[in-house]
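To start, the structure under review is shown below, and the notes come after it.
The values are calculated or read from the model by the stated rules, or taken from the named source; none is laboratory data. Computed from a prediction, not measured in an experiment: that's the story for all the values here. For neighbour counting, all protein chains shown are included, and Cβ atoms are generated from backbone atoms with ideal geometry for every residue, glycine included. SASA here: full protein model, heavy atoms, side chains in, ligands and nucleic acids out. Shrake-Rupley method; radii C 1.70, N 1.55, O 1.52, S 1.80 Å.
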Amino acid sequence: MTPLFPLNTVLFPGGPLPLRIFETRYIDMVRHCMRERCPFGVVLIQAGSEVGPGANEASAVGTTARIVDFNALPDGLLGITCIGERKFTVLKHWQQDDGLHAADIEFAAPEEPTDLPEEYHHLGELLRKVLPELGELYASVPKRFSDASWVGCRLAEILPIALSEKQYCLEVDDPIARLARLNPLIRRADE
């Protein structure tokens, strides 16, 4: 059983995710995950809301998130920082009595590092320039600018594209196909 956190965001393996936690069900989930040193699953909400009774429908593919830091925020809420770990598919989903979503999941095979093809080198260089401008969020994320999988995931995270496009990029198993989908969205400086 994996606790699920349905959100209006798509988390990718290796990607950072800062969260503000205020609902009791998620405070309890964070406490459980920290005590047991286990991750929780992040899935994109397809219908419903993040707050209150929660998501009525969520994507079947998500990413586990490991809590790497936590702190009390100025507004009194709990702040946590997570890193995406492994892509998974939901096999069975339910909502517990306390409102927390949970699932039986199956992990996808990790994407093997793949050399960034020459035709997409500009995407790696773009990330090399942009990530430092995003501040602390990406400061501790290991950089792999020549890995097609890593470059595609980071671009899908930061580009202002529809959540359905981000979800497509998470679900696709081929890092080169992910880059091919994202490449037309990038205006090259040399064009």
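Carbon and sulfur atoms: what percent of the 1.4 Å accessible area of the chain do they account for?
So the carbon and sulfur contribution to the accessible surface is 52 percent.
For a label point 7 Å from the Cα of GLU136 along Cα→C-beta, name the residues of the stretch 12-26 whose backbone N is under 13 Å from it.
Only 18-19 fall inside the zone, counting backbone N under 13 Å.
Heavy atoms only, probe 1.4 angstrom, no DNA, RNA or ligands counted: give me HIS93, HIS101 ranked by accessible area, highest first.
In descending accessible area the options line up as HIS93, HIS101.
What net charge do the residues around GLN96 carry, taking every other residue with its C-beta under 11 Å from that of GLN96, with Lys and Arg at +1 and Asp and Glu at -1? Before the final figure, lay out the partial values.
Details: positive: ARG25; negative: ASP28, ASP97, ASP98.
Taking every Cβ under 11 Å from that of GLN96, the sum is -2.
Would you mind working out the accessible area per residue for the chain, using a 1.4 Å probe, and quoting it in Å²?
On the way: 10240 Å² over 191 residues.
Here the residues of the chain average 54 Å² of exposed surface.
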